[in-house]
Amino acid sequence: MYNDFITMETLATFAGLVATVSIIVQFTKSLVKNRYGDAAVKVYTFIISLVLTFVFARNGQGIEGVILTAINSIIVAIAAMGAYENSVDPKAEKKK
């Protein structure tokens, strides 16, 4: 039986990072959104993604590793935001 919800090994994977970022952001989003507005939630998502990616899934050495990890955290943040949009309201139409 699977007894561990999230482990270090899970957080070292793309799917684990996306799921964890989504959970953390959705749980705390109201605090950020009420104080700073909708646009700040995207920045907040990126910051959470950046921290988790650097801690659990850092790649490479030196400046190359930092840049690669930052790029990976951008991908994780975009995936986390997209996963939320698709699961909550997949047929939503954005107004411009």
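Here, each number is a calculation from the coordinates, and none is a lab measurement. Being a predicted model, the structure only gives us computed values, none of them experimental. Here the Cβ is made from the backbone with ideal geometry for all residues, glycine too, and neighbour counts use every protein chain on show.
Annotations for the structure displayed:
- Relative packing of 38-49, 72-83, 55-66, which averages over residues the other C-beta atoms within 10 Å, highest first: 72-83, 38-49, 55-66
- Judged by the ratio a/c of the largest to the smallest principal axis of the C-alpha gyration tensor, region 12-88 counts as prolate, that ratio being 1.5 or greater while a/b is larger than b/c.
- Backbone HN-Hα couplings from phi across region 22-36 [Karplus 6.51/-1.76/1.60, Hz, Gly and Pro as x]: 4, 5, 5, 5, 5, 6, 10, 4, 4, 5, 6, 5, 5, 8, 10
- Projecting label points 7 angstrom from Cα along Cα→Cβ for Val55 and Thr7 puts them 1.9 nm apart.
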